[in-house]
Amino acid sequence: MPKAIQVFVRAVDAMNRFIGRIAMYLIFVMLAVLLYSSVSKTFADPAIWTLEVAQFLMVAYFLLGGGYSMQLDAHVRMDLFYSRWSPRTAAMMDAITIGFLIFYLVFLLYGGISSTAYALQYGETSYSAWSPYMAPIKIIMTFGVAMMLLQSIATFFRDLAAARGETL
């Protein structure tokens, strides 16, 4: 593989590893928010912001950790046929199927950018009683999709190299 592709794959892997390792701690923040919600409902006036903050944290956890999960190959895979294939055949099938994922993520990123631009331009808020601005979570979501797209492209190059008998 050309040197530029190798540099791209290493850079994307490093970014997603860093972001994913930070994002994995968001689950504890979300649990703390939900614990506070439970305690406040029991002993005091319930906070109106806790459910929405927990939802935002879960979205950030899921989307920011997506690229890292892909990098670790920790996603769900149908092993009915896959486990019987040689490493080169499996890499060829991965290179083909990741094309569909890249296609999907491009459209998802386009929609995310459009939705984020709308939220920033018009000051979009949630329809809840708390009514937070939606732009921050939409920016995080769009960034997470972009990182997953970059990781998908890096994975495609890695699979292409493995199908050719090379390592990246």
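The distance between label points at residue 121 and residue 86 comes to 5.4 nm (points 7 Å beyond Cα on the Cα→Cβ vector).
Note on region 37-168: dipole from Cβ charges, positive end direction compared against 61, 156, 126; the farthest Cα belongs to 156. Packing, taken as the mean count of other beta carbons within 10 Å per residue, orders the peptides 137-143, 80-86, 12-18, 118-124 from highest to lowest as 137-143, 12-18, 118-124, 80-86.
Relative contact order of the chain: 33 percent, from C-alpha pairs under 8 Å at least 6 residues apart in sequence.
Between the labelled values [x] 63, 36, 27; [y] 61, 27, 27; [z] 197, 35, 25, the entry that holds Cα extents along the principal axes in Å as derived from this structure is [x]. Derived scalar couplings between HN and Hα for region 83-96 equal 5, 8, 7, 5, x, 6, 5, 4, 5, 5, 5, 4, 5, 6 Hz in order, rounded to whole Hz, by the Karplus curve 6.51 cos²θ - 1.76 cosθ + 1.60 (θ = phi - 60°), x for Gly and Pro. For the chain, the Cβ-based charge dipole about the Cα centre amounts to some 440 debye (Lys, Arg positive; Asp, Glu negative; other atoms uncharged). For the chain, modelled as a GNM whose springs connect Cα atoms under 10 angstrom apart, the maximal fluctuation among 71, 151, 55 occurs at 55. Backbone amide hydrogens, once placed in the peptide plane, bring residue 134 within less than 5 Å of 124, 125, 126, excluding anything fewer than 5 places away on its chain.
Comparing 67, 99, 20 in a Gaussian network model of the chain, where Cα atoms under 10 Å apart are tied by springs, the biggest mean-square fluctuation is seen for 99.
FYI, it's all coordinate maths here, none of it is from the lab. As the structure is a computational prediction, the values presented were derived from the model and not from experiment. Quick reminder, even Gly has a Cβ in these numbers, built from the backbone with ideal geometry, and neighbours come from all protein chains shown.
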